[in-house]
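Below: one structure, written as structure tokens.
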Amino acid sequence: MAKKDYYETLGVSKSASESEIKKAYKRLAMKYHPDKNQDNKDEAEAKFKEVKEAYEILTDPQKKAAYDQYGHAAFEQGQGAGAGGFGGFGGFGGGAFDDIFSDFFGGGRGRSQTTSRGNDLQYNITLTLEEAAAGVSKEIKVPTWVSCDTCHGQGAEKSSDVVTCNTCHGSGVVQMRQGFFAVQQECPTCHGRGKVVKNPCKKCHGEGRVQKTKTLSVTIPAGVDTGNRIRLSGEGEAGLNGAPAGDLYVQMQVKPHAIFERDGTNLHCEIPINIALASLGGEVEVPTLNGKVSLTIPPETQTGKMFRLRGKGVKSLRGSTIGDLYCHVVVETPVNLTSKQKELLKELAESFKADKSSKHSPKEKSFFDKVKKFFE
Ligand SMILES: [Zn+2]
Ligand SMILES: [Zn+2]
């Protein structure tokens, strides 16, 4: 099948801006929407798919560049393989119409929707840093609407109790005259469904859905961070009268950690060491997400010195790279000293004083040299 040029499909020039492409798409999507094409639904849907595909390619900079260079050949392999080297175009059935209309109307589903698709839901999940870094499977309980199992979402006692709506004759819309104009509106009798229930199901009172707390298992991939969300398609509220369910969005929130501060895939932590270790050097145990490791502190280490432990950070959510752990040294002034310790320090202070070169505190010496010059 020879495919039509994407630009031609949308009726825009090759130099059209993104907003021009969006505008053209919106106009055509409205034109070919199945609700407005009751007489030739199949043809309209085919057109709609073409338009949607063209739009999806031309508004994705990467795909657009590929298309401009290679034409349709850029996507043929992927499409044949099903999923698509460019991520595929998504399913055209069912939710395709809902998706674009929610894009345009800011999620205003249900308002002008004739299918009464179920609402999307958001579930906020709090994770520890360890869970976010390693990935975790969580069971969540979501209060929602599910399809009624007595009537299988039909809302009727028997399937013969679902009949075509008399007001709109099954189209779900009615024409209203306003002066010279004919305005299409959702049918007030069937609320756009095109069908009415004569004998409503007793369990769901004809709604086709009932309230229930659903238990779901969510697999959270390694590397997620606050703000990431997972979409569980079709796990939102069930629609009215058997209409498609909405989606469930699981929103991540990673709790602050007692030791580590996260910055993307890198972690930071403070390592306090005493003056003896800082002066003489030695080993110190530092924590990582996968247990303790030994860190060598070289002699004469100062506060602020940073040691990088490669690969001890967090795995990136996309890709296989792993961040690093940055250990920031803080030299701690000793407190709660015994008289013996005080004696030792006094002795140390005396020995510093005796050494006139001040070579043990080069920073201090240079500072006081500057102070001296300043007042001269
Ligand atoms: Zn029912
Ligand atoms: Zn109706």
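The values are calculated or read from the model by the stated rules, or taken from the named source; none is laboratory data. Everything quoted here is computed from the prediction, not taken from an experiment. Neighbour counts are summed over all protein chains in view; Cβ atoms, including those assigned to glycine, are modelled from backbone coordinates with ideal geometry.
For residue 193, the conditions (1) within 16 Å of ligand 2 (Cβ to nearest atom); (2) under 21 Å from residue 245 (Cα atoms); (3) out of contact with any Leu (no Cβ under 9 Å at 6 or more places or on another chain) are fulfilled apart from (3). The numbered conditions (1) surrounded by fewer than 14 Cβ atoms within 10 Å (Cβ to Cβ); (2) at pLDDT below 70; (3) under 23 Å from the mean Cα position of the chain (by Cα) are all true for residue 102 except (1). Being touching a helix residue (DSSP H, G or I) at 6+ places or on another chain (Cβ under 6 Å) and farther than 27 Å from residue 283 by Cβ, is that true of even one residue in region 351-358? Yes, region 351-358 contains at least one residue that is touching a helix residue (DSSP H, G or I) at 6+ places or on another chain (Cβ under 6 Å) and farther than 27 Å from residue 283 by Cβ.
Within region 282-294, the set of residues being surrounded by 13 or more Cβ atoms within 10 Å (Cβ to Cβ), free of Cβ contacts under 8 Å to residues at least 24 places away in the same chain and in contact with an Asp or Glu (Cβ under 9 Å, 6 or more places away or on another chain) comprises just one member, 293.
Yes or no, residue by residue, for (1) of a type outside the set (A, V, I, L, M); (2) surrounded by fewer than 17 Cβ atoms within 10 Å (Cβ to Cβ):
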| position | (1), (2) |
| --- | --- |
| 185 | yes, yes |
| 211 | yes, yes |
| 217 | yes, yes |
| 225 | yes, no |
| 275 | no, yes |
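Might you check whether a residue that is surrounded by 17 or more Cβ atoms within 10 Å (Cβ to Cβ), outside any strand (DSSP E or B) and over 30 Å from the mean Cα position of the chain (by Cα) occurs anywhere in region 249-272? For region 249-272, residues surrounded by 17 or more Cβ atoms within 10 Å (Cβ to Cβ), outside any strand (DSSP E or B) and over 30 Å from the mean Cα position of the chain (by Cα): absent. The set of residues in region 316-349 being exposed (fewer than 10 other Cβ atoms within 10 Å of the Cβ) and under 21 Å from residue 271 (Cβ atoms) consists of 333, 335, 336.
Suppose the filter is assigned to a helix (DSSP H, G or I), touching a strand residue (DSSP E or B) at 6+ places or on another chain (Cβ under 7 Å) and modelled with pLDDT of 70 or more; does residue 35 pass it? Judged against the criteria, residue 35 is a match.
Scanning region 160-183 finds one or more residues that are within 16 Å of ligand 2 (Cβ to nearest atom), surrounded by 14 or more Cβ atoms within 10 Å (Cβ to Cβ), under 40 Å from the mean Cα position of the chain (by Cα) and more than 30 Å from residue 233 (Cα to Cα).
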